[in-house]
Amino acid sequence: MIFYGYGGEFLIGPSHERWDAVMLVRQSSVASFLEFASNQDYLSGIGHRLAALEDSRLLPLVAAQA
């Protein structure tokens, strides 16, 4: 995890959306993330994660080359 912070109303964005928290996690590759996301230990607890969240977003990013 690179960053975890608290959210709120958007400065620029939908006025009806509000985010309680934001988390930025670095994975070495999409394949690495998919391997993690299909891990049986992770999947065994996914019901708790889903029950705790009203909504979530997953936005893959690639660092810009300077």
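Which numbered condition trips up ILE2, out of (1) surrounded by 10 or more Cβ atoms within 10 Å (Cβ to Cβ); (2) within 12 Å of the chain's Cα centre (by Cα); (3) not basic (Lys, Arg)?
Result: ILE2 fails condition (1) only.
Every residue in region 10-44 that is in a strand (DSSP E or B) and either of a type in the set (D, E, K, R) or more than 15 Å from the chain's Cα centre (by Cα) (or both), please.
Answer for region 10-44, where residues must be in a strand (DSSP E or B) and either of a type in the set (D, E, K, R) or more than 15 Å from the chain's Cα centre (by Cα) (or both): just ARG18.
What number of residues within region 45-66 are under 16 Å from the mean Cα position of the chain (by Cα) and among the polar types (S, T, N, Q)?
1
So which of PHE10, PHE3, PHE36 is in contact with a Leu (Cβ under 6 Å, 6 or more places away or on another chain) and not acidic (Asp, Glu)?
Answer to the check: PHE3.
For SER56, are the conditions met, namely being part of a loop (DSSP other than H, G, I, E, B), in contact with a helix residue (DSSP H, G or I) (Cβ under 9 Å, 6 or more places away or on another chain) and among the hydroxyl-bearing types (Ser, Thr, Tyr)?
yes
Laboratory data are not the source of any read-out in this text; all were calculated from the coordinates shown. Quick caveat: nothing in here was measured; it's all calculated off a predicted structure. Every residue, glycine among them, receives a Cβ derived from its backbone with ideal geometry; neighbour counts consider all protein chains shown.
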